[in-house]
Amino acid sequence: MDCLESKKFSKYGNSTRHFFCFLWEDFTPFAVYGLYENGIYVAIICILINIFHIIVISQKSMSTSPIYILLAAIAVMDICSLLYDVHFEIVNFFKATNICYSKNTDYFILVTKAIMESIRYFTRRCSTWLSLSIALIRTVVIKYPMNRTIEKLSKPVSAIYFIIAVLLLCAPLHILDFYKFDIDVADENYLCKQFPSSNFIYYAINLSMKFQNKDHRLFKIYRTIDALLSKFIPCILFPIVTLILILEIRKAEIRRQKLESSSSSSTSKNSKNTSRLVLSLTLPFFIAELPLGIIFWLSQLDTINKNNELFYIFDGFEKLFSFILSATTATHMIICVFMSSQYRETALIVARFGHHFKKKEGTVVQVTLSS
């Protein structure tokens, strides 16, 4: 039945109801089935781009800055996150070519799905905080250029400490991910059919009893911590750090204009380029992660959570920005190519398999003029 002909969104005005029906009938199916469930194509492209990105950054000439080391760590996290889409497609292909399979295989598929989903959430959290670390390091270094303690943050070794800190920050919630679901028997008497009526055959994944006990207390704690750690705190800190970075870049530009020596001007120009690179790297967050944080927060409201129609629409928005988030994992390399001449030169060398093109020496012609 058509959305407008049914009673869906009947309590809203005519124009609002038309808009919600458009989201229900056109937008959400496109976001879920047209984009999200075909994320394998974007995932493969982004994985290949990130592998090349890691190879470029791992070159000796690029290991002089903590920013590039953190970018390499982000690329590793993004690849691990994107492997979920690859795993999802492999499982679908296996089910399509093997309609009937054993209970052990079904159990293994669900266990692998739970593990890959846990890894996906963990790496996304880490990627967000590592991106924030890049902006934070650059902002602090620019704001306090003469501080010797702060100056240590510009050393490559500081990136290792930030990576360890982010892993430790996200680890406790990641441990809870392994206790989030239980794999229960769905149908002991299941008989293989050509077209199964459900995605679950012998076993099914359900929320674990640990998370359900005492009125879902552990589950509520988990969701609250996840919301704070993965969405709300980064959503607050990222705009603040980015704004401070913009202001500090302007101040650094004013200081640069006052310098007269060519050597100082060159150094200041390199600093300015690095700052602009870091500023550009924050853009993917505002494109996908920030909207996801807003959607995640709004979906917890009773107005949406207890309304099946609105919850379905918000699920479509969540799938859309999750798809965009996967696509933005390729933007780090693209931004580096446009913003860093050092990265471009190194990337060209890697693309040529380490071969350097020698510049042809010009021929000097001596001309004698006779009077």
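Annotations
- Check on residue 2, modelled with pLDDT under 85 and either among the β-branched types (Val, Ile, Thr) or surrounded by fewer than 20 Cβ atoms within 10 Å (Cβ to Cβ) (or both): yes
- Check on residue 41, in contact with a Lys or Arg (Cβ under 6 Å, 6 or more places away or on another chain) and more than 23 Å from residue 282 (Cβ to Cβ): no
- Within segment 107-143, if we keep just the residues that are of a type in the set (Ser, Thr, Tyr) and more than 20 Å from the chain's Cα centre (by Cα), the residue that is modelled with the lowest pLDDT turns out to be 139.
- Look at (1) touching a Ser or Thr at 6+ places or on another chain (Cβ under 8 Å); (2) aromatic (Phe, Trp, Tyr); (3) modelled with pLDDT of 75 or more and you find that residue 285 fails only one, number (3).
- Checked against (1) loosely packed, with under 15 Cβ neighbours inside 10 Å; (2) touching a strand residue (DSSP E or B) at 6+ places or on another chain (Cβ under 7 Å), residue 157 meets all criteria but (2).
- Residues within segment 194-206 that are modelled with pLDDT of 80 or more and either exposed (fewer than 13 other Cβ atoms within 10 Å of the Cβ) or not small (Gly, Ala, Ser) (or both), tallied: 4
- Every test in (1) loosely packed, with under 13 Cβ neighbours inside 10 Å; (2) closer than 27 Å to residue 236 by Cα is passed by residue 191 save one, and that test is (2).
- Qualifying positions in segment 314-323 - touching a residue at least 24 places away in the same chain (Cβ under 8 Å) and over 9 Å from the mean Cα position of the chain (by Cα): 315, 316, 317, 318, 319, 320, 321, 323
- Selection status of residue 112, part of a helix (DSSP H, G or I), surrounded by 17 or more Cβ atoms within 10 Å (Cβ to Cβ) and in contact (Cβ under 8 Å) with a residue 24 or more places away in the chain: no
- Residue 35 vs. criteria assigned to a helix (DSSP H, G or I), farther than 30 Å from residue 75 by Cβ and in contact (Cβ under 8 Å) with a residue 24 or more places away in the chain: no
So that you can scan it fast, the table gives a plain yes or no per residue for (1) without any contact (Cβ under 8 Å) to a residue 40 or more places away in the chain; (2) of a type in the set (Gly, Ala, Ser); (3) surrounded by 15 or more Cβ atoms within 10 Å (Cβ to Cβ):
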| site | (1), (2), (3) |
| --- | --- |
| 23 | no, no, yes |
| 28 | no, no, yes |
| 43 | no, yes, yes |
| 72 | yes, yes, yes |
| 92 | yes, no, no |
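- Residue 303 more than 30 Å from residue 142 (Cβ to Cβ), among the hydroxyl-bearing types (Ser, Thr, Tyr) and either at pLDDT below 75 or in a loop (DSSP other than H, G, I, E, B) (or both): yes
- Segment 59-70: number of residues that are more than 16 Å from residue 341 (Cα to Cα) and either without any contact (Cβ under 8 Å) to a residue 40 or more places away in the chain or in contact with a Lys or Arg (Cβ under 9 Å, 6 or more places away or on another chain) (or both): 1
- Checked against (1) free of Cβ contacts under 8 Å to residues at least 60 places away in the same chain; (2) under 30 Å from residue 57 (Cα atoms); (3) not small (Gly, Ala, Ser), residue 97 meets all criteria but (2).
- Subset of segment 80-90 [touching a residue at least 12 places away in the same chain (Cβ under 8 Å) and out of contact with any Ser or Thr (no Cβ under 8 Å at 6 or more places or on another chain)]: 83, 84, 86, 88, 89
- Taking the conditions (1) at pLDDT 75 or above; (2) aromatic (Phe, Trp, Tyr); (3) more than 29 Å from residue 343 (Cα to Cα); (4) under 16 Å from the mean Cα position of the chain (by Cα) in turn, residue 238 satisfies each one other than (3).
The values are calculated or read from the model by the stated rules, or taken from the named source; none is laboratory data. From a predicted model like this one, the values you see are computed outputs, not experimental measurements. When we count neighbours, we look across all protein chains shown, and the Cβ atoms used for this are built from the backbone with ideal geometry, even at glycine.
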